[in-house]
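Derivation of every value follows stated rules applied to the coordinates shown; laboratory data play no part. What you are looking at is a predicted structure, and each value in this text was computed from that prediction instead of being measured. Methodologically, a virtual Cβ is constructed for each residue, glycine included, from the backbone with ideal geometry; neighbour enumeration extends over all protein chains shown.
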Amino acid sequence: MQLKTSQFNKLTLGAALCIFSLTGCQDNSSVDPSVSDLVKGVENSYDNGEKVETKWDGVSERVVTRASDEVIAAITEKTLASYGDFKKRFRTSVYLFDGYGVGVVPEANGCPSWSEKTEIHMDNEDSNTFVAASGWYGAFEYTGGAYNSILRLCQVDGRVLANPYHPHSVVWLGWNLYREYEALTTLFIDNENNNNHNSYSGFLPSPNAVDQNTTLWMASNVTPDVIAHCNCYPTFSGFAYGVFSNQSYNGLATGTYRTDDENGSNTSNLTPVPGYPNVVTVNGYNKRIPGVWVTYDTNKKFDTLFELAKVN
């Protein structure tokens, strides 16, 4: 049976996910046997001489067969139904949004049911701790008398988020990077060295990491295509959120959130990922990408400053 490329891709998508799924696979033949029955019916019709066509292969006419559009549509529908059932049974966070997931900052402590929540607990410097937050900083907060910072993210589809003409950054949570997020930068936060209590919960795929320190891969939209895309962020029902940016969006609130990083031999840094444009600006010891600073303050200490903009 000869299928168009797009149809073939749909039919094989479930199998591809099966190969790469971390949760294992079951025998898909038991998912929807009617698909096999349909294919067998088509093959039988070929044997009976139906749907016989010829095609020039550059040398001679050869006999080819093709099922009717109705049969192909029926097979595709049932295959996609089986694929949908497969996703429900073997759902993993990394497959959300076809791998284009990015992390945004929710306004409240919670994410929609279709998303995944990430919560990062960072141990701030214990000596002479200095933290500060002002304006809008969403569900970020301090605990333990400012000795700990909590960052909260919700995973959304980066393909619909990257369109606005509004320079910003998000946390990369997938394996695909939408073309308008043209820059990738590693944010390394050197957390407290002594008696460190870093931890995280939820979804945080590699190369992001939380151990004694915190590493976040930041995707930045620096020069959006204002002609090809609308100047708008998507609206999600019941879900207000923001991105990392120092620029107000449509007059909505902005704010800052500062962490107090390790004082001794601090190595907090912003590092461009090889193969991507370098969007890190440097001013003395200070480094910046849209919405994120690694700062060197008057007390000669490195800290991390997040600039946040509510966008919906």
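Say each of Asn250 and Tyr165 gets a label point 7 Å from the Cα, pointing the same way as Cα to Cβ; how far apart are those two points in nm?
Those two pseudo-labels are separated by 1.6 nm.
Search the structure for amide H atoms under 5 Å from the amide H of Asn198, placed 1.01 Å from N in the peptide plane, and list their residues when 5 or more places away or on another chain.
Answer set, sorted by chain and number: Asp123.
Among 279-289, 257-267, 102-112, how do they line up from the highest to the lowest mean number of other beta-carbon atoms within 10 Å?
Descending packing order for the listed peptides: 102-112, 257-267, 279-289.
Could you tell me which of rounded, prolate or oblate describes the range 96-310, using a ≥ b ≥ c as the square roots of the eigenvalues of the alpha-carbon gyration tensor, with rounded for a/c under 1.5 and, failing that, prolate when a/b is larger than b/c and oblate otherwise?
prolate
By how many nm would the segment from Tyr147 to Asn109 grow when fully extended, if each residue of separation counts as 0.36 nm and the alpha-carbon distance is taken off?
Difference between extended and current length: 11.7 nm.
Could you let me know the centre-to-centre spacing of the range 237-312 and the range 142-197, using Cα atoms, in angstrom?
10 Å
Could you derive backbone 3J(HN,Hα) for the range 108-125 from the dihedral phi with the Karplus parameters 6.51, -1.76 and 1.60 (θ = phi - 60°), listing whole Hz in sequence and x where the residue is Gly or Pro?
Computed from phi, the couplings for the range 108-125 are 10, 7, x, 10, x, 5, 7, 9, 10, 9, 10, 10, 10, 9, 10, 8, 6, 3 Hz.
How much length is gained on full extension from Ser237 to Ser199, taking 0.36 nm per residue of separation minus their Cα-Cα distance?
Net length gain for the segment: 10.7 nm.
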